[in-house]
Amino acid sequence: MTAQSSVCRDDADIGALIKHAGDGRGGVLVMPEVFTTVHRDAIVAAAVRHRVPAVYPDEISTTHGELMSYGIDPADVFRRSASYVDRILRGENPGDLPVQNPTKFRLTINLKTAKAIGLPVPPRLLALADAVTE
């Protein structure tokens, strides 16, 4: 199966897209953007209804019923940005500071959702997870 990009405009599009993803035993990677945040409940409901695994970009997702999340660790990003704030307040030009990429990522898994969609989670994946919701 190959990756495909799709555009959603409303809840009806979400349901159709997720149902289509599940037809080929596929899954959904939910991108971090305003639309997916606003329509989080519709995405979660459609994914569970159609038994489609979905991975989300933020850890808060798995506490709202999403299957998995994998993304940057916001606390680490904020902690590291404090040194930049300090450097700027001490007079360094922000344009001279190098761009920093995230270095710490978090994997979270919701076992209740995995069970609801009939997806066994391998023990190795559970061992790698930073947090597991049951």
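Got at least one residue in the range 78-94 being of a type outside the set (Asp, Glu) and at positive phi? Yes. Count of the range 13-59 residues, restricted to those that are of a type outside the set (Lys, Arg), surrounded by 11 or more Cβ atoms within 10 Å (Cβ to Cβ), in a helix (DSSP H, G or I) and modelled with pLDDT of 85 or more, is 18.
Just for the range 33-60: of the residues that are touching a strand residue (DSSP E or B) at 6+ places or on another chain (Cβ under 8 Å) and among the charged types (D, E, K, R), which one is farthest from ALA131 (Cα to Cα)? That would be ASP58. Hey, can you tell me all the residues within the range 97-134 that are among the β-branched types (Val, Ile, Thr) and either surrounded by fewer than 13 Cβ atoms within 10 Å (Cβ to Cβ) or touching a residue at least 40 places away in the same chain (Cβ under 8 Å) (or both)? Matches in the range 97-134: VAL99, THR103, THR108, ILE109, THR113, ILE117, THR133.
The values are calculated or read from the model by the stated rules, or taken from the named source; none is laboratory data. Keep in mind that this is a model prediction, so the values were computed, not measured. Counting neighbours? That spans all protein chains shown, and the Cβs are built from the backbone with ideal geometry, glycine included.
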